[in-house]
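To start, the structure under review is shown below, and the notes come after it.
The values are calculated or read from the model by the stated rules, or taken from the named source; none is laboratory data. In this text, all values refer to a predicted model and were calculated from it rather than measured experimentally. All Cβ positions, glycine included, derive from the backbone under ideal geometry; neighbour counts span all protein chains shown. Heads up: the accessible areas ignore ligands, DNA and RNA and are worked out on the full protein's heavy atoms, side chains in. Shrake-Rupley method; radii C 1.70, N 1.55, O 1.52, S 1.80 Å.
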Amino acid sequence: MSQDLFHIGGKSLSSRLFIGTGKYSRNTLIPEVVEASGSEVITVALRRIDPASREENILTHIPPHMTLLPNTSGARTAEEAVRIARLARAAGMGNWVKIEVINDQKYLLPDNLETVKATEILAAEGFIVLPYMSPDLSAALRLRDVGAAAVMPLGAPIGSNRGLKTKELVGILIEEAGLPVIVDAGIGRPSEAAEAMEMGAAAVLLNTAIATARDPLLMAEAFRGAVASGRQAYLAGLGAVRNAAEASSPLTGFLSV
Amino acid sequence: MSFYDTLLKLESMPLGEQSGQYGRNDVERALSREKLDPEDLLALLSPAAVPYLEEMAQKAHRITRAHFGYAVQLFTPMYVADYCVNQCTYCSFSVEHDFARKKLTMEEVDREASAIAATGLRHILLLTGESRKDSPVSYVKECAGVLRRHFSSVSIEVNPLSLEEYRELAACGVDGLTMFQEVYDRETYARLHVKGPKRNFRARLDAPERGCQAGFRSVTIGALLGLSDWRREAFMTAMHARYLQDRYPGTEISIAPPRFRPYLGSFSPESDVTDRALVQIILAYRLFLPRSGLTLSTREPAALRDRLVHLGITKISAGVTTEVGGHTGGGGTPQFEISDERSVPEIREMLYRSGLQPVFKDWDILAEAPV
Ligand code: SF4
């Protein structure tokens, strides 16, 4: 198990847990959560970054070994997402970007159409694009075709902590999309993260579940373990769940004799 | 279609005092639901909900943490002109009050902006009195141009403008609009707005919708609580917010629940909004509109603000002066008296002490800079 690395965007990651920076009670918790979670990728909203403010700047709290995944939260159109991504790169945040295009302030559901547009432009500019999306197969295939490095379907609406409500659809993406699937949003419990990993998700991204837990550090550790065991179970090959019963010794073996 | 048509229909609901007809069952039902309807909102605002305030607070707190985490955005208003052509019974800037009016020059705007930006604030709300003659759109635009050099988000609170004018402002980087209806009760509105274009109830009521259409990222509305029956006013405000949210899903709709404050004149409010009532209003807003921003102004005293930040508030003003040029010692006439006079660092500390994170910057202006 020790060498099960996740290769993405030219990097090899040993942790499959991506974390966020958005909802903590203080930014100084971030390095501790990084440590407890073992995570190597951290998403940060460009709109929250203020390079001019030494004290309140989130970036100063992110340990240098982390891969920054700036996100375009706040973007309502592809055009806005592209601008935000370029700003992030110009600000020296690297070339990874999580595309978030949301035009629905009630549920914060992503706009897949605009997301495809933004992904196409940014992938062509050399960004490693990880688009946040509603789990829709044709959108995922388009994202793959225009150069996304992975897709990030939601498990449930952001901040809802409802778990893998979109399980069936995410399962289809894992089987069919032909690129890594990172489950993002909705995961509230370690067991749900484990479930996503068991299904074959390449990674999970969480924020609310850790940031708003009573003890964020303990919760970060819990997720670290859950993601690792889910992954282990996937690699071990779960007994397949079939709709039809499967006998343990072949019933039609005689046909080939 | 406009919220006006909805408002006319809503007026036939059991509002204000009549909401006494709601009972414990209605409140409990509202508390158990995830998506509340107007009846639920009325129940939560009714006298029957008073024994349930703690339960409402717990739920509001949970919802707020799930959606917003511990982040509370900071901003401050900046008054650039106090000329006003209206006569509103409850405001110092009213045309009937005789005082030396002021309007900042661009150099002064720049100086004032630098002083505010030096405190770390990145979100600014530009305010003027309502005078198309003294603070026309061109002036607001010019000010916004200066402000965007200092801030990452610029919002405006000025007289109602046309769709075209809002579009023009949005195109040059203004990204938020605040428009208080003041009073939703039409009779009271007519009585309190004695003279001037503000007498046109409908022009004001439709302004936030024009703001949404013009593409402002955030639109904040509110009633000035105390001018009329608060239950009714809070109900209409929340319904207005939901109306906008349903039609303009891309716009972040926020509500501010300001209470009436002392000012130059002698008018005193009709409906006394107690602290308990204010809490009930904020909680009802949060439960009815789980994702809306809720803004708390410095009209409220420090000790109360320290409590209210746990009940669903997502934006809070800090380091406030309601005078034109007040940040650089200009010393104009305040629009009204503020109550929480704490500085930005003090509010920041208060939030940290409360386990909350002050967010100074929550947006970047994406519009091209005007040439
Ligand atoms: S409330 Fe506004 S419109 Fe009325 S007098 Fe005051 S500044 Fe003028």
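Scan (1) open to solvent by 40 Å² or more (accessible area, probe 1.4 Å); (2) closer than 20 Å to residue B:279 by Cβ for the single condition residue B:293 breaks and write down its number.
(1)
Could you check the range B:321-361 and list, in sequence order, the residues that are away from the ligand (no atom under 16 Å from the Cβ), open to solvent by 20 Å² or more (accessible area, probe 1.4 Å) and either hydrophobic (A, V, I, L, M, F, W, C) or within 14 Å of chain A (Cβ to nearest Cβ) (or both)?
Passing the criteria: B:345, B:348, B:349, B:352, B:353, B:354, B:355.
Return the only residue of B:292, B:254 being at pLDDT 85 or above, within 14 Å of the chain's Cα centre (by Cα) and closer than 19 Å to residue B:30 by Cβ.
Just one listed residue meets the conditions, B:292.
From the set of residues in the range A:161-186 that are in contact with a Ser or Thr (Cβ under 9 Å, 6 or more places away or on another chain) and modelled with pLDDT under 90, which is nearest to residue A:21 (Cα to Cα)?
Among those that are in contact with a Ser or Thr (Cβ under 9 Å, 6 or more places away or on another chain) and modelled with pLDDT under 90, it is A:185.
Return the total of residues in the range A:1-40 being exposed (fewer than 14 other Cβ atoms within 10 Å of the Cβ) and of a type in the set (A, V, I, L, M, F, W, C).
2
Could you list, in sequence order, the residues of the range B:205-253 that are open to solvent by less than 20 Å² (accessible area, probe 1.4 Å), within 23 Å of residue B:186 (Cα to Cα) and in a loop (DSSP other than H, G, I, E, B)?
B:224, B:226, B:227, B:228, listed by residue number.
Could you pull out the residue among A:43, A:77, A:60, A:67 that is within 13 Å of chain B (Cβ to nearest Cβ) and of a type in the set (Ser, Thr, Tyr)?
Answer to the selection: A:77.
Residue B:170 passes all but one of (1) touching a residue at least 60 places away in the same chain (Cβ under 8 Å); (2) of a type outside the set (Asp, Glu); (3) within 16 Å of the ligand (Cβ to nearest atom); which number fails?
Against the list (1) touching a residue at least 60 places away in the same chain (Cβ under 8 Å); (2) of a type outside the set (Asp, Glu); (3) within 16 Å of the ligand (Cβ to nearest atom), residue B:170 comes up short only on (3).
Could you run through the range A:107-134 and say how many residues are open to solvent by 20 Å² or more (accessible area, probe 1.4 Å) and closer than 19 Å to residue A:204 by Cα?
4
Mind telling me which of the residues B:50, B:72 ends up being touching a strand residue (DSSP E or B) at 6+ places or on another chain (Cβ under 8 Å) and either within 14 Å of chain A (Cβ to nearest Cβ) or surrounded by fewer than 21 Cβ atoms within 10 Å (Cβ to Cβ) (or both)?
Unique residue meeting the criteria: B:72.
Tally up the residues in the range B:1-30 that are assigned to a helix (DSSP H, G or I) and either basic (Lys, Arg) or open to solvent by 20 Å² or more (accessible area, probe 1.4 Å) (or both), please.
Total satisfying the criteria: 14.
Quick one: which of B:192, B:163 is away from the ligand (no atom under 15 Å from the Cβ), more than 14 Å from every other protein chain (Cβ to nearest Cβ) and more than 14 Å from the chain's Cα centre (by Cα)?
B:163
Could you figure out which of (1) in a loop (DSSP other than H, G, I, E, B); (2) open to solvent by less than 30 Å² (accessible area, probe 1.4 Å) isn't true of residue A:158?
(2)
Test of understanding: among B:62, B:111, B:101, B:122, which residue is within 12 Å of the ligand (Cβ to nearest atom), open to solvent by 20 Å² or more (accessible area, probe 1.4 Å) and among the basic types (Lys, Arg)?
Among B:62, B:111, B:101, B:122, only B:101 is within 12 Å of the ligand (Cβ to nearest atom), open to solvent by 20 Å² or more (accessible area, probe 1.4 Å) and among the basic types (Lys, Arg).
Kindly indicate whether residue B:146 is outside any helix (DSSP H, G or I), more than 21 Å from the chain's Cα centre (by Cα) and either surrounded by fewer than 24 Cβ atoms within 10 Å (Cβ to Cβ) or at pLDDT below 95 (or both).
So residue B:146 fails the test.
Closer than 14 Å to residue B:310 by Cβ and in a loop (DSSP other than H, G, I, E, B) - does that describe any residue in the range B:55-70?
yes
Please work out which residue is nearest to the other protein chains (Cβ to nearest Cβ), limiting yourself to the range B:195-227 and to residues that are more than 17 Å from the chain's Cα centre (by Cα) and either on the phi > 0 side of the Ramachandran plot or more than 15 Å from the ligand (Cβ to nearest atom) (or both).
B:215
Could you give every pair whose Cβ atoms fall below 6 Å, whose first residue belongs to the range A:95-123 and is under 23 Å from residue A:41 (Cβ atoms) and within 9 Å of another protein chain (Cβ to nearest Cβ), and whose second residue is in a helix (DSSP H, G or I) and open to solvent by 40 Å² or more (accessible area, probe 1.4 Å), counting only separations of at least 6 or pairs across chains?
Pairs that qualify, where the first residue is under 23 Å from residue A:41 (Cβ atoms) and within 9 Å of another protein chain (Cβ to nearest Cβ) and the partner is in a helix (DSSP H, G or I) and open to solvent by 40 Å² or more (accessible area, probe 1.4 Å): there are none.
One line per residue, one yes/no per condition, for (1) open to solvent by less than 30 Å² (accessible area, probe 1.4 Å); (2) in contact with a Lys or Arg (Cβ under 6 Å, 6 or more places away or on another chain); (3) of a type in the set (Phe, Trp, Tyr):
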{"site": "A:51", "(1), (2), (3)": "no, no, no"}
{"site": "A:78", "(1), (2), (3)": "yes, yes, no"}
{"site": "A:81", "(1), (2), (3)": "yes, no, no"}
{"site": "A:85", "(1), (2), (3)": "yes, no, no"}
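Could you list, in sequence order, all residues of the range B:151-160 that are surrounded by fewer than 23 Cβ atoms within 10 Å (Cβ to Cβ) and modelled with pLDDT of 95 or more?
Residues satisfying the conditions are B:157, B:160.
With (1) assigned to a strand (DSSP E or B); (2) in contact with a Ser or Thr (Cβ under 8 Å, 6 or more places away or on another chain); (3) open to solvent by less than 20 Å² (accessible area, probe 1.4 Å) as the list, and residue B:78 as the residue in question, which single condition is left unmet?
Answer for residue B:78: the failing condition is (2).
Contact list please: Cβ distance under 7 Å, first residue in the range B:241-253 and at the interface with chain A (Cβ under 9 Å from one of its Cβ atoms), second residue open to solvent by 50 Å² or more (accessible area, probe 1.4 Å), pairs at least six apart or on different chains.
Final answer for the pair search is B:245/A:106; B:249/A:103; B:249/A:106; B:250/A:103.
Which residue out of B:50, B:85, B:27, B:72 is touching a Leu at 6+ places or on another chain (Cβ under 6 Å) and at pLDDT 90 or above?
B:72
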